[in-house]
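One structure is given here, and the rest of the page talks about it.
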Amino acid sequence: MVAGAVEPEFRGARRRLVETLQDKGIRDLAVLRAVDMVPRHLFVPTTVRHRAYEDSALPIGSGQTISQPFVHARAIEQLGLTGQEKVLEIGTGSGYQTALLSELAAQVFSVERFRELLDKARPLLQQANVRNVSLSLGDGTLGWREYAPYDAILVSAGAPHVPPALDEQLAEGGRLLIPLGDKEEQMLTLLTKRGGRLERRDITPVRFVPLIGAGGWPS
Ligand code: SAH
């Protein structure tokens with residue numbers, strides 16, 4: 001759970017962002033509430049902090065970006081979280097989406113391949129009072145076997161195909177959301193496991209940074 005109310009000067013801006021997301025079609029009230037709670041300004045570099053509540057992607061260092069809030073909201077909405085789930089996130093990045101997920105699920109496990117990003121995200125999540133998140137440094141295309149199976153898996157980088165380990169670590173009935181395509185453009189794809197097989201549904205075209213690893217693109 002995060003303490004979004006601690007910085008009153010950003011509350012108005014955050015509320016306006018929630019309204020923008022509603023106008024753009026985000027309907028899940030729990031997702032909107034999470035956006036209203038999580039202090040996004042903590043997760044962006046100080047140089048762009050004044051833009052933290054614009055609905056746009058921003059640079060976070062190591063050549064990576066924090067996605068546009070609409071993209072986060074749209075993606076998380078697809079997971080249909082009820083608060084009971086164990087969720088695996090691949091690509092912690094700034095930790096912002098991790099904080100959103102922490103509001104919407106019981107437990108969040110998040111893997112990031114850049115130590116520098118993870119070292120920044122960890123204290124920020126603490127500062128935001130997030131308690132139900134575990135972070136790991138490594139190749140997320142291999143998942144996080146120790147805590148599998150997961151009710152939902154959210155991959156925040158674009159992959160050429162579904163990494164087999166993520167398929168294996170998804171629970172029956174679970175949902176896996178992953179951008180699939182080439183390095184420039186992907187289709188945000190929702191895969192639901194039924195009878196041990198993945199049913200596929202295309203959501204929307206997106207542009208994510210590449211998923212680099214054994215089950216993704218070579219580095
Ligand atoms: N959701 C993040 C932004 C994601 S950017 C946020 O809210 O800020 C995509 C992230 O995926 C980057 O941080 C990148 O380093 C990471 N990434 C790419 N390939 C990865 C892999 N194989 N394992 C773990 N993280 C990976």
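List of remarks:
- Here residue 180 qualifies as open to solvent by 10 Å² or more (accessible area, probe 1.4 Å) and either out of contact with any helix residue (DSSP H, G or I) (no Cβ under 9 Å at 6 or more places or on another chain) or more than 25 Å from residue 217 (Cβ to Cβ) (or both).
Yes or no, residue by residue, for (1) over 16 Å from the mean Cα position of the chain (by Cα); (2) over 28 Å from residue 38 (Cα atoms); (3) charged (D, E, K, R):
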| residue | (1), (2), (3) |
| --- | --- |
| 126 | yes, no, no |
| 130 | no, no, no |
| 142 | yes, yes, no |
| 196 | yes, yes, no |
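- Close contacts from region 208-219, counting a first residue that is on the phi > 0 side of the Ramachandran plot and modelled with pLDDT of 95 or more and a second that is open to solvent by 30 Å² or more (accessible area, probe 1.4 Å) and assigned to a loop (DSSP other than H, G, I, E, B), with Cβ to Cβ under 9 Å and a gap of 6+ residues or different chains, come to 213/113; 213/139; 213/219.
- Qualifying residues in region 61-89 (those that are open to solvent by less than 10 Å² (accessible area, probe 1.4 Å) and without any contact (Cβ under 8 Å) to a residue 60 or more places away in the chain) - the one farthest from the ligand (Cβ to nearest atom): 73
- Some residue of region 111-132 being under 17 Å from residue 71 (Cα atoms) and open to solvent by 50 Å² or more (accessible area, probe 1.4 Å): no
- Summed over region 96-111, the residues that are more than 8 Å from the chain's Cα centre (by Cα) and more than 22 Å from residue 145 (Cβ to Cβ) give a count of 3.
- Test: residue in region 121-134 that is among the hydroxyl-bearing types (Ser, Thr, Tyr), within 13 Å of the ligand (Cβ to nearest atom) and in contact with a Phe, Trp or Tyr (Cβ under 9 Å, 6 or more places away or on another chain): no
- Only one of the numbered conditions (1) open to solvent by 10 Å² or more (accessible area, probe 1.4 Å); (2) at pLDDT 95 or above is violated by residue 11, and that is (2).
- Selection count, region 22-60, where residues are open to solvent by less than 30 Å² (accessible area, probe 1.4 Å), in contact with a strand residue (DSSP E or B) (Cβ under 7 Å, 6 or more places away or on another chain), in a helix (DSSP H, G or I) and not β-branched (Val, Ile, Thr): 1
- Single condition residue 193 does not satisfy, out of (1) more than 19 Å from residue 64 (Cα to Cα); (2) within 16 Å of the ligand (Cβ to nearest atom); (3) touching a Gly at 6+ places or on another chain (Cβ under 6 Å): (2)
- Scanning region 90-118 for residues that are assigned to a helix (DSSP H, G or I) and without any contact (Cβ under 8 Å) to a residue 40 or more places away in the chain yields a total of 3.
- The residue that is nearest to the ligand (Cβ to nearest atom), among those in region 45-60 that are farther than 22 Å from residue 133 by Cα and in contact (Cβ under 8 Å) with a residue 40 or more places away in the chain, is 52.
The values are calculated or read from the model by the stated rules, or taken from the named source; none is laboratory data. Predicted model, so just to flag it, every value in this text is computed and none were measured. Every residue, glycine among them, receives a Cβ derived from its backbone with ideal geometry; neighbour counts consider all protein chains shown. Please note that ligands, DNA and RNA were not included when accessible areas were found on the heavy atoms of the full protein model with its side chains. Shrake-Rupley method; radii C 1.70, N 1.55, O 1.52, S 1.80 Å.
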